[in-house]
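Single-structure report; data block below.
The values are calculated or read from the model by the stated rules, or taken from the named source; none is laboratory data. Note that the coordinates shown come from a computational prediction; the quantities given were computed from them, not determined experimentally. Cβ placement follows ideal geometry from the backbone for every residue including glycine, while neighbour counts extend to all protein chains displayed.
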Amino acid sequence: MSSIRIIGDSLANIPWQEKPQGCTAPVWRYTENPVIGRNPLPEVARIFNSAVLPYGEGFIGVFRGEQRDGMPHIYLGRSRDAIHWEFDEEKINFTDKDGNSFMPIYAYDPRLVRIDDTYYIMWCQDCYGPSIGIAETKDFRTFTRLENPYLPYNRNAVLFPRKVGGNYMMLSRPCDNGHTAFGDIFISESPDMEFWGRHRHVMGKSDRWWENLKIGGGAAPIETDKGWLLFYHGVVNTCNGYVYSIGAAILDINEPSKVLHRCGNYILAPEEWYEERGFVPNVCFPCAALTDADTGRIAIYYGCADSYVGVAFTTVQELWDYIIAHDAADESDFEIGLR
Ligand code: BMA
């Protein structure tokens, strides 16, 4: 097998546990999962589908908090070790460019991406139906919403952590305004974070049963010397409803609408109690990954059963070997995605 390395910062304090003896899977769960349990705040019943990044001496995150009126909003959290979190009791107060309050009606499944000295949050919100909201902050005190990047309906926006070919790049998943029984991942480009275009198809659902209904972007793509490593979710419909698993693919570094490799097997599927049992059973929904370029360690943050946050570990080499050994990429993946 060839070797692979992460291109990025070192993160000596990344949460980590060694692979358990006898584990045959490419990804293993943190033994103390879930890291965020029920009723984490007076006004919040569940936190899940959330994203974290290193910040200062510790970590910061944007968390999907399901309020007791059933509406999701985004809450800020801080941690020294990326395992134990303290949350602001009030949801993030988004403003417009003039500093006036500009709150979404609801906000869910946030992702958090740093580009240079700016942090971007993207999430799903109502704009006459589910669509993507995006905001920027430099200090995690003021959060300025930018123009909505896409028309409705759309979910699962994931920004790349740097420009590619001179433009910002963002994955998303066009959908309907219900529980969407279809969906492929697309990519769009922008020179300025306002005007998005040059849309391309990246990858579709497949005939493999774990992802044969729909797929959607997960964590911000991780730069490696073999391409962008993408964690995404894949969904199957069963007689008892949707089941969400985590998949992995490698996208071309300069032309990320091309999928170079795609793991035919899921890398994590619901099997622990906190993934199988909850508000929505059988959901593993990745939204972030911490990485340490020095060791190749990766900590995946994923929502569990729409009720909890879990952490799972792997290394870039372990994952690469598994993806290549189970590579199922075909012509529809290799294409540039323009018709
Ligand atoms: C999707 C999104 C996710 C959720 C999943 C399972 O459509 O709403 O936030 O985790 O369904 O309920």
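In the stretch 272-296, the qualifying residues are those that are of a type in the set (D, E, K, R) and surrounded by 20 or more Cβ atoms within 10 Å (Cβ to Cβ), and the one that is nearest to the ligand (Cβ to nearest atom) is Glu275. Within the stretch 282-300, can one find any residue that is under 24 Å from Val243 (Cβ atoms), acidic (Asp, Glu), touching a residue at least 40 places away in the same chain (Cβ under 8 Å) and part of a loop (DSSP other than H, G, I, E, B)? Among the residues of the stretch 282-300, not one is under 24 Å from Val243 (Cβ atoms), acidic (Asp, Glu), touching a residue at least 40 places away in the same chain (Cβ under 8 Å) and part of a loop (DSSP other than H, G, I, E, B), which makes the answer no. As a summary of the residue check, Pro34 satisfies the conditions (1) exposed (fewer than 13 other Cβ atoms within 10 Å of the Cβ); (2) within 16 Å of the ligand (Cβ to nearest atom) except for the one numbered (1). Note down all Cβ pairs under 7 Å where the first residue falls in the stretch 195-209 and is under 20 Å from Ala248 (Cβ atoms) and modelled with pLDDT of 95 or more, the second is of a type in the set (Ser, Thr, Tyr) and not in a loop (DSSP other than H, G, I, E, B), and they're at least six residues apart or on different chains. Once the first residue is under 20 Å from Ala248 (Cβ atoms) and modelled with pLDDT of 95 or more and sits in the stretch 195-209, its partners that are of a type in the set (Ser, Thr, Tyr) and not in a loop (DSSP other than H, G, I, E, B) give Gly204/Ser332.
Counting only residues that are more than 14 Å from the ligand (Cβ to nearest atom) and β-branched (Val, Ile, Thr), which one in the stretch 210-246 is surrounded by the fewest Cβ atoms within 10 Å (Cβ to Cβ)? Here the answer is Thr224.
Within the stretch 54-67, the set of residues being closer than 13 Å to Tyr106 by Cα and more than 13 Å from the ligand (Cβ to nearest atom) comprises just one member, Gln67. Scoring Tyr266 on the criteria (1) part of a strand (DSSP E or B); (2) under 15 Å from Leu213 (Cα atoms) leaves a single failure, condition (1).
Does Gly247 satisfy being assigned to a strand (DSSP E or B) and without any contact (Cβ under 8 Å) to a residue 40 or more places away in the chain? Yes: the conditions hold for Gly247. Just to be sure before I move on: is Phe313 at pLDDT 95 or above and within 14 Å of the ligand (Cβ to nearest atom) in the structure I sent? When the stated conditions are applied, Phe313 does not pass them.
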